[in-house]
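The values are calculated or read from the model by the stated rules, or taken from the named source; none is laboratory data. A quick note: this is a predicted structure, and the numbers were derived from the prediction, not measured. Cβ coordinates were reconstructed from backbone atoms using ideal geometry, including for glycine residues, and neighbour counts include every protein chain displayed. Heavy atoms of the whole protein, side chains included, go into the accessibility calculation; ligands, DNA and RNA do not. Shrake-Rupley method; radii C 1.70, N 1.55, O 1.52, S 1.80 Å.
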Amino acid sequence: MERIILHSDLNNFYASVECLYNPSLRGKPIAVSGNPEERHGIVLAKNYAAKACGVATGNPLWMAKQKCPDIVFVPPHYDLYMKYSQIAREIYSEYTDQVESYGLDECWMDVTGSTHLFGDGKAIADKLRERIKFELGVTASVGVSYNKIFAKLGSDMKKPDATTVITSDRFREIVWPLSVNDLLYVGRATHNKLKRYGIQTIGDLAQSDQNFLKSLLGQNGVMLWMFANGLDTSPVSNIDAKSLIKSIGNSTTAPRDLVTDEDIRITLMVLCESVSARMREYGFVCNTLQIGVRDNELHSYERQGKLYYPNRTAKALLDKSFELYKRHHTSGKPVRSLSVRACNLSLNENEQLSLLPEISNIQRQETLESTVDHIRKQFGHFSIQNGLLLSDRQLSSLNPKDDHVIHPESFLK
């Protein structure tokens, strides 16, 4: 039996939510953006009015203003985006238990077993769009197909508030004329490589020699050839299945250049506390820690090292991250941004008390930090702080960005 896969994409999600809470923004070109005073001055999301003026995600604010003099910049409210994303997933789950998120604003659904209850794929897609518009106040575009790749492609083809159906018997006439970079996982570098060999459309890719694509792109070339020919068979995850998280990390751009070792330690402490708390939330410990450093000339690098013992305490993460920084940041240039990522994760199950002093020290530190988590949950994050952070209020109040939660079979968008 042929599968029926849906992909729902909430249109201009961040910008649409902002307009819901501030009606004065409606009808104006707006961009959700970082804070230029804290050197996060880029466009994070924009609406169609801003896009029509040429504003693109990632543009510096000065460039966006140059392209669209009337643009209105608004700060992001991630708590609202998370809330609306969760409501949307609850709606999807009423039609199937196979719901797989792809970011906050996109989800795949396998409704193959639900058609006898709710109608065919298009009928379900239209009902979802109707409910999202009525219950959330935003619009969605939904693609309907027999695999995940074409369902995603369908949701991108018509925006806003549209349903696009790509069937197995018509996909060549619908999909093959499209530009090859419309295909999921064809990024800028891959697109440029393919263009150099005259592969301009998805059809060109589909009709290329597999061995040539493998020599050009490795196994990704074979994978993309299969996608272009409609041969994707990857399943949609069950909504109750806990994805295996491969790494957990945070990054931040400092409001001023980090010059001294104390500046670095304070910033790393903020990041390590956040990563540590998230590992406890997900039930993981890490074996490897990675740091990322970008200096004030925008040169960046990443370095990693193994922990002596698998754990998740902020103290151990700070010690290792600072050690890596001191060992590898030999240029002496001021630092603009830092990231910390816990890698090589394992579940922290059935932990036993240990008589080894190193392990027992980790367990005592874990108990202490878990207590701090509980206090912060009850009374707010700044109700209790490490003494190191009190020496610089500006750096200790940084808001780290959760940017490195990576799931299997996922790719950067």
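Hydrodynamic radius of the stretch 1-112 by the Kirkwood approach over all distinct alpha-carbon pairs: 15.3 Å.
Per residue, the accessible area of the chain comes to 51 Å² when a 1.4 Å probe rolls over the protein heavy atoms.
Between Ile87 and Lys377, the simple spin-label model (points 7 angstrom out along Cα→Cβ) gives 2.6 nm.
Quick one: which of 12-24, 150-162 comes out on top by average Cβ neighbours within 10 Å, and what's the full order, highest first? List each step's numbers first, then the result.
Details: 12-24: 18.6, 150-162: 20.6.
Result, highest mean Cβ count within 10 Å first: 150-162, 12-24.
Any idea what the dipole of the chain comes to, in debye rounded to 20, about its Cα centre with Lys/Arg Cβ at +1 and Asp/Glu Cβ at -1? Provide the component values of the computation, followed by the final result.
Details: 49 positive and 48 negative charges, 201 e Å.
The calculated dipole for the chain is roughly 960 debye.
For the listed peptides 44-56, 115-127, a ranking on the average number of other beta carbons within 10 Å per residue, highest first, reads 44-56, 115-127. In terms of its Cα atoms, the chain spans 65, 54, 47 Å along the principal axes, sorted from long to short. The relative contact order of the stretch 1-147, computed from alpha carbon pairs under 8 Å that lie at least 6 residues apart in sequence, is 35 percent. The equivalent ellipsoid that matches the C-alpha gyration tensor of the stretch 172-259 spans semi-axes of 32, 21, 13 angstrom, in descending order. Under 23 Å of direct C-alpha separation, and excluding same-chain neighbours fewer than eight residues apart, Lys28 reaches these lysines: Lys46, Lys51, Lys65, Lys67, Lys133, Lys158, Lys159.
Only lysine pairs 8 or more places apart, or on different chains, with alpha-carbon atoms under 19 angstrom apart are counted in the stretch 201-354, and they number 5. Span-like helix check, the chain: qualifying full DSSP H segments, with Cα axial length of 30 Å or more and mean Kyte-Doolittle of -1.0 or more, are 261-282. At 7 Å along the Cα-to-beta-carbon direction for both Ser331 and Thr167, put a label point, then send me their distance in nm to one decimal. With each label point 7 Å from Cα toward Cβ, the separation is 5.7 nm.
What does the helix-only formula give at 222 nm for the chain: each DSSP H stretch with n ≥ 4 adding -39500 (n - 2.57), the total divided by the residues, and the result rounded to the nearest 500 deg cm²/dmol?
Working: 16 runs with 167 residues, N = 413.
Per the formula, -12000 deg cm²/dmol.
Stokes-Einstein diffusion of the stretch 192-236 at 37 °C, 0.692 mPa s viscosity, Kirkwood radius from Cα pairs, rounded to a whole number: 309 µm²/s. Per-residue extension of 0.36 nm, minus the Cα-Cα distance of Met226 and Ser24, leaves a gain of 68.0 nm for this segment. With all protein chains in place and a 1.4 Å probe, the accessible surface of the chain carries 52 percent carbon and sulfur.
At 37 °C and a viscosity of 0.692 mPa s, what translational diffusion coefficient does Stokes-Einstein give for the stretch 222-328, taking Rh as the Kirkwood radius over Cα pairs? Give it in µm²/s as a whole number. Spell out each step's value before the answer.
On the way: Rh = 16.3 Å.
Rounded to a whole number, D works out at 201 µm²/s.
Out of the chymotrypsin sites (Phe, Trp or Tyr not before Pro) in the stretch 197-265, which ones are loop residues according to DSSP with at most 14 other C-beta atoms within 10 Å? Intermediate results must be reported in sequence, preceding the final value.
Working: sites: Tyr197, Phe212, Trp225, Phe227; in loops: Tyr197.
Answer by residue number: Tyr197.
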